[in-house]
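Structure first, commentary second.
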Amino acid sequence: MEGRIHSLESFGTVDGPGVRYVVFVQGCPMRCAYCHNPDTWEMNAGTPMSADEIIQNYKRNEAFYTNGGITVTGGEPLMQIDFLIELFGKCKEKGIHTCLDTSGIAFNPDNAPLMEKFDKLMPLTDLVMLDIKHIDPEKHEWLVKQPNKNILKFLAYLDEKKVDTWIRHVVVPGVTDDDTDLYNLGYFIGQFSCVKALDALPYHTMGRVKYEKLGLPYRLDGVEPMNQTDLLVKKKKILDGIKARRAELEK
């Protein structure tokens, strides 16, 4: 089986624990206003590669990945779930740590055949980095052109399956930085014991040039990057929500 691959990164340092081999898959149904890889959206583009090819590439520099492993990101990896199952299965046979960086948009608990595939994938996945774009349903749809209902259900599923999860949230000035929304995000994720870390990521404009090259409108034109000082304040709002929810559950 072959997956459609957008690109590869040999020494990723922000894509899970340790130094990692990062596989960017092609294809994504999300249209995040701040996406810095709009060239990964097209489903039928990319370069066909087999799981064995990817593992062979990893093995060439395996000495550097002692505390790392393979991360699959995108695009949206779960749009190629069959390939992901095969790749992660081969990784587990070779003792390679697996990390899935996903928006969760492909999860659908009402689709029984699809859920059988998720049930196969989860035991092969050591870590999920789940991007929650917005906790508010209407704001989420404006931001990414997709609902967040099943994304939030995916986190509950990860908790049920006891898969270690890191939550990622991009903080965009005037878009995803409302204090109430941030607290509500924290309050929601605070109920799940699978959540082991929270990454609040600062919005940046480095991907804007790609939109110009692709002839696409950039919906956040004029929005300034998030500075680190404000980011820490906003992250605390999420943490406050987490702490409040966990305190309630401990009563």
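Values quoted throughout were computed directly from the atomic coordinates according to the rules given, and no laboratory measurement underlies them. Please read all numbers here as calculations on a predicted model, not as lab measurements. So basically every Cβ, Gly included, is an ideal-geometry build from the backbone, and we count neighbours across all protein chains shown.
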Using only alpha carbon pairs under 8 Å that are at least six residues apart, calculate the relative contact order of the chain and give it in whole percent. 17 percent
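Under a point-charge model restricted to the Cβ atoms of Lys and Arg (+1) and Asp and Glu (-1), what is the dipole moment magnitude of segment 2-53 relative to its Cα centre, in debye to the nearest 20?
Working: 3 positive and 7 negative charges, 43 e Å.
Roughly 200 debye for segment 2-53.
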Quick check for me: using +1 on Lys/Arg Cβ and -1 on Asp/Glu Cβ, what's the dipole size of the chain about its Cα centre, in debye to the nearest 20? 320 debye
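Can you bin segment 112-251 into rounded, prolate or oblate? Criterion: square roots of the alpha carbon gyration tensor eigenvalues sorted a ≥ b ≥ c, rounded for a/c under 1.5, prolate for a/b above b/c, oblate for the rest.
Cα axes put segment 112-251 in the oblate bin.
Can you flag which of Lys133/Lys234; Lys210/Lys235; Lys153/Lys210; Lys213/Lys234 are past 22 Å Cα-Cα? Each step should come with its number before you reach the end.
On the way: Lys133/Lys234 14 Å; Lys210/Lys235 28 Å; Lys153/Lys210 32 Å; Lys213/Lys234 33 Å.
With Cα atoms farther than 22 Å apart: Lys210/Lys235; Lys153/Lys210; Lys213/Lys234.
Taking neighbour counts of Cβ atoms within 10 Å as a proxy for exposure, in what order, fewest first, do Phe88, Phe64, Phe188 appear? Working shown, then result.
Numbers: Phe88 25, Phe64 15, Phe188 19.
Least crowded to most crowded, the residues run Phe64, Phe188, Phe88.
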In Hz, Karplus ³J(HN,Hα) per residue of segment 62-72 (6.51, -1.76, 1.60; θ = phi - 60°; x = Gly, Pro): 4, 4, 7, 9, 3, 9, x, x, 10, 10, 10
Rounded to whole angstrom, the alpha-carbon centroid of segment 126-186 lies from that of segment 1-47 at a distance of 19 Å
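Highest mean first, how do 213-223, 42-52, 132-142 rank when packing is the count of other Cβ atoms within 10 Å averaged over residues?
132-142, 42-52, 213-223
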Other-chain or far-sequence residues with amide H under 5 Å of Arg168's (modelled H): Leu130, Asp131, Ile132, Asp199
Which of Asn37, Asn111, Asn150 fluctuates most in a GNM of the chain (C-alpha springs under 10 Å)? That residue is Asn111
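Between beta-carbons, use under 11 Å as the cut-off and find the net charge around Gly75, counting Lys and Arg +1, Asp and Glu -1. Spell out each step's value before the answer.
On the way: positive: Arg4; negative: Asp39, Glu42, Glu76, Asp101.
So the environment of Gly75 carries a net charge of -3.
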Please state the charge dipole magnitude for segment 120-188, taken about the Cα centre, from unit charges on C-beta atoms (+1 on K and R, -1 on D and E), reported in debye and rounded to the nearest 20. 400 debye
Once every DSSP H run of n ≥ 4 in the chain is given -39500 (n - 2.57) and the sum is divided by its residues, what mean residue ellipticity at 222 nm do you get, rounded to the nearest 500 deg cm²/dmol? -11500 deg cm²/dmol
Of the candidate values (i) 1.05; (ii) 0.92; (iii) 1.00, the one computed for Cα Rg over 2.2 N^0.38 Å from this structure is (iii)
Out of Gln146, Gln26, Gln228, a Gaussian network model of the chain with alpha-carbon springs under 10 Å gives the largest mean-square fluctuation to Gln228
Go through Lys90/Lys117; Lys120/Lys236; Lys117/Lys139; Lys149/Lys243 and tell me which ones have a Cα-Cα distance over 27 Å in this structure. Lys120/Lys236; Lys117/Lys139
